[in-house]
Amino acid sequence: MNLHVPQPIVSVRDLSVHFHSASKIISAVNGVSLTVARGESVALIGESGSGKSVTLRSLMRLHPEKTTAIKGRIEIDGADVMTMSSSTLSAFRGSVTSMIFQEPLLAFDPVYTVGEQIIESVRRHCRLSRKDARAVALEALRSVRIPSPEQRLEAYPHEMSGGMRQRAMIALALACKPRLLLADEPTTALDATVQIQILLLLRELQREMGLSIIFVTHDIGAAVEIADRVAVMYGGRIVEEAPLATLLANPCHPYTVALLSSRPEGGLSKGSRLETIPGSPPDLSRLPEGCAFAARCKYASEACKKSFPGRVAVSPEHYVSCHRFPESA
Amino acid sequence: MGAYILRRLLLAIPIMLGVALVCFMLVQIAPGDPLVSVLPPDASQELRAQMITAYGFDQPLPAQFMKWLWHAVQGDLGTSIATSRPVFSEVMTAAINSLRLAFLATLIGFFFGCLFGFVAGYFQDTWLDRLASVFSVFGVSVPHYWLGMLLVIVFSTQLYLLPATGGGPVGASGWAWDWAHVQFMILPAITLSVIPTGIIARTVRALVAETLAQEFIVGLRAKGLGESGIFRHVVKNAAPTALAVMGLQLGYLMGGSILVETVFAWPGTGLLLNSAIFQRDLPLLQGTIWVLALFFVVLNLLVDILQTLLDPRIKRA
Ligand SMILES: Nc1ncnc2c1ncn2[C@@H]1O[C@H](COP(=O)(O)OP(=O)(O)OP(=O)(O)O)[C@@H](O)[C@H]1O
Ligand SMILES: [Mg+2]
């Protein structure tokens, strides 16, 4: 055992998440394995319904317990999340790992001020007086560069602009100095210029705090700004995983290729069209036995329909699950 | 906030005028001779004419209305034909009795309504939810006079626990908060409380279910709150609407309890309306309706202000 290799902050093995509804079982995540190093930022990308949010929420066990079957191993900061008692779990949420959401207006309680909500979180995790907690909240708002933070503390969520609210959400998430930030499309609902500001802010805070980030998006443009490494999801599985530059230069999985070419290079020039991937996403209640992308893949062969391809390293740190890259190679 | 209240108060004036006109006209177009009840059947024509002049029935309607309104805004609602006492004091005594009853009934309703509502909302689609729903449907749909009579049969005539009818011990005047008086309130208050219980339960259930389905609940879990911490947020989100519904129920109970007050002979506005109608006591009828309407408008105003204070999303401009 090599003692010099630092323990990763996140280690997920064979995670599967199935939702049981009245008539069917939705297989939202089907065997995801993911490792995130300390201080690293990983982007999960994929189209709508590919299981990105479900994977992210599983890391904090946020799914309703009654209707959800989670299997696999989740280790965060050395602790086994799957076996935590409910009190350990709620102490872990918000202190070791925090989450920010796509629509900050919906993620705040509308009838409490932003300040009250940050203070509530701070007091939940550190035994502080109201006054000290308020000071921590104020400091958190300052650290996300919100102008006139004293006044923002007293504002209700609906009284802020979208970008301001997302900053406040980040302040809430980071107020207790977590080690891991889970970001679920935090910029999707924002204007393009505000998006960039938020991404830059996250990048900066990540460096300052030595934070690890898992960043969910379906926009490669956002991933480029923030990610060290990218994992591409399809049908509840990670189909390709590589450092950002490698993935952009040498995408291997046909789905990744399609996803990358669906993105306008340096903005859409006049007359050029956004390439969309033909076909529709798989039905998660009736996933095929083989590769879920086979039905939409122009390279699909018989093997693709029969079995799911194993994970293959095409180069160091670059993994793909596709029958075009056989395991023996 | 001050400007908002002032605007709401100004808005209430035309509403009150409209209500005054409607209840004045309603009584005018009602069939029957208002003097039947005060005059002996064999009264002379002169006496009749005298009475008509005394009550002002000989003047044109608009003049009668203006005169009535002019007196009404000064608190003079005329004299009851049946009892010859001032309508104002009759109505006020009755209104206070009704208010006392309605208040107790609303409190009971609020308590049980919230209890059933929260349980049903938290345990949606389980047997607890269904049980609570059965209770609330029962509350809204059971005929109240029937329930009242049932309670009287069980608790008064069978078990001798509580008095069947009346507004206080025989011979006592006025009210006191002692058992001798309060025991008279219990059965009518329980009977009246089943409506607000049902309505508040259904409202609270919907509010709780709606709040629990919102994204920010996941946000609260994600920042480490447990169930009790989340409950606080649910309560604060549900409170403005639940309190508003409770306030309106208080208003309905004030005027809407004719049958229940009659069953229990509770000396409130319901009983007063009942006797005013059957005795063709026009001034009393008009006065009672008007005071009830006034009460409802004021209550609405209070509810709106309360809701504005409690819910930051409502603009106060
Ligand atoms: N609590 C739940 N119960 C049942 N099904 C669910 C639940 N949560 C998510 N799903 C389903 O799981 C699938 C994957 O959803 P997920 O939210 O992870 O997609 P996503 O990749 O985040 O897409 P998007 O870009 O739209 O956010 C979807 O089909 C969704 O309907
Ligand atoms: Mg999502």
In debye to the nearest 20, the charge dipole size for chain A, taken about the Cα centre with +1 at each Lys and Arg Cβ and -1 at each Asp and Glu Cβ, equals 400 debye
Once normalised by the length of region B:91-310, the mean sequence separation of its alpha carbon contacts under 8 Å that are 6 or more apart gives a contact order in percent of 31 percent
Rounded to the nearest 10 degrees, the helix A:114-125 long axis (Cα) sits at an angle to the longest Cα principal axis of chain A of 80 degrees
Within 10 Å of the Cβ of an average residue in A:93-101, the count of other chain Cβ atoms is 4
Cα-Cα longer than 27 Å, checked against A:K24/A:K306; A:K52/A:K306; A:K66/A:K305; A:K71/B:K223; A:K131/A:K177, kept in input order, equals A:K66/A:K305
At R0 = 30 Å the Cβ-Cβ FRET efficiency linking B:H181 and B:Q50, nearest 0.05, sits at 0.10
Region A:74-102 and region B:121-165 have their Cα centres apart by a whole-number Å value of 47 Å
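Roughly what % of DSSP beta bridges within the protein assembly as shown run antiparallel, to the nearest 5?
Roughly 60 percent of the DSSP beta bridges within the protein assembly as shown come out antiparallel.
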Here the net charge surrounding B:P86, from other residues whose Cβ is less than 15 Å away from its Cβ (Lys, Arg +1; Asp, Glu -1), is -2
Taking A:81-93, B:185-197 and ranking on average Cβ neighbours within 10 Å, highest first, one gets B:185-197, A:81-93
Quick calc: nm separation of the 7 Å Cα→Cβ label points for B:L310 and B:T157 -> 4.1 nm
Here, trypsin sites (Lys or Arg not before Pro) of region B:198-256 satisfying both criteria (DSSP loop; at most 11 other Cβ within 10 Å) are none
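Let me confirm one metric for peptide A:106-118, namely the mean number of other chain beta-carbon atoms within 10 Å of its residues' beta-carbons.
Values: counts 5, 8, 4, 12, 7, 12, 6, 1, 0, 0, 0, 5, 1.
Per-residue shielding by partner chains comes out at 5.
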Per residue of A:138-145, other chain Cβ atoms within 10 Å number on average 0
HN-Hα couplings for region B:51-64 via Karplus (6.51, -1.76, 1.60; θ = phi - 60°), in whole Hz with x for Gly/Pro, come out as 5, 4, 5, 4, 7, x, 6, 8, 7, x, 3, x, 5, 4
Extension length gain for B:I96 and B:L115 (0.36 nm per residue less Cα distance), in nm, is 4.0 nm
In whole Hz, the Karplus estimates of ³J(HN,Hα) for region B:66-74 (6.51, -1.76, 1.60; θ = phi - 60°; x where Gly or Pro) are 4, 5, 4, 5, 4, 6, 4, 5, 8
Contact order relative to length for region A:103-177, counting C-alpha pairs under 8 Å separated by 6 or more residues, stands in percent at 45 percent
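Charges only on Cβ, +1 for Lys and Arg, -1 for Asp and Glu: so what's the dipole of region B:2-72 about the Cα centre, in debye to the nearest 20?
Dipole size: approximately 540 debye.
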Once amide hydrogens are built 1.01 Å from N within the peptide plane, the residues lying 5 or more places from A:M99 or on another chain with amide H under 5 Å from its amide H are A:L182
Simple SL model, points at 7 angstrom along Cα→Cβ for A:L248 and B:R85; separation in nm is 9.0 nm
Note on chain B: alpha-carbon gyration tensor, axes a ≥ b ≥ c; rule is a/c under 1.5 for rounded, else prolate if a/b larger than b/c, else oblate; result oblate
Calculated from DSSP helices alone, with each H run of at least 4 adding -39500 (n - 2.57) and the total divided by the residues of chain A, [θ]222 nm to the nearest 500 comes to -9000 deg cm²/dmol
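Rank-order B:98-110, B:14-26, B:71-83, B:50-62 by packing density, defined as the average count of other C-beta atoms within 10 Å over each peptide's residues, highest first.
B:98-110, B:71-83, B:14-26, B:50-62
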Counting only DSSP loop positions in region A:112-181, the GluC sites (Glu not before Pro) whose Cβ has at most 12 other Cβ atoms within 10 Å are A:E154
Rounded to the nearest 10 Å², the accessible area of B:L6 using a 1.4 Å probe with every protein chain kept is 110 Å²
Applied in sequence order to region B:297-306, the curve 6.51 cos²θ - 1.76 cosθ + 1.60 (Karplus, θ = phi - 60°) yields integer Hz couplings, x standing for Gly and Pro, of 5, 5, 5, 4, 4, 4, 4, 4, 5, 4
Around A:T246 (Cβ within 15 Å, Cβ-to-Cβ, excluding A:T246; K/R +1, D/E -1) the net charge comes to -4
In whole angstrom, the spacing between the Cα centers of region A:155-191 and region A:205-242 equals 18 Å
Rounded to the nearest 10 Å², the accessible area of A:C126 using a 1.4 Å probe with every protein chain kept is 50 Å²
Honestly region A:3-110 on the Cα gyration tensor test (a ≥ b ≥ c root eigenvalues; a/c under 1.5 rounded, otherwise a/b vs b/c for prolate or oblate) is just rounded
Cβ-Cβ cut-off under 12 Å around A:E150, Lys and Arg +1, Asp and Glu -1: the net charge is +1
Each label sits 7 Å from Cα toward the beta-carbon; between A:E327 and A:Y299 the label points are separated, in nm, by 1.9 nm
Interchain or sequence-distant (5+) residues whose placed amide H lies within less than 5 Å of the amide H of A:A155 are A:V114, A:G115
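The values are calculated or read from the model by the stated rules, or taken from the named source; none is laboratory data. As the structure is a prediction and not an experimental result, all values here were calculated from the model. Positions of Cβ are generated from backbone atoms using ideal geometry, with glycine treated the same way; all protein chains shown enter the neighbour counts. These area figures cover heavy atoms from the full protein model, side chains too; ligands, DNA and RNA do not enter into them. Shrake-Rupley method; radii C 1.70, N 1.55, O 1.52, S 1.80 Å.
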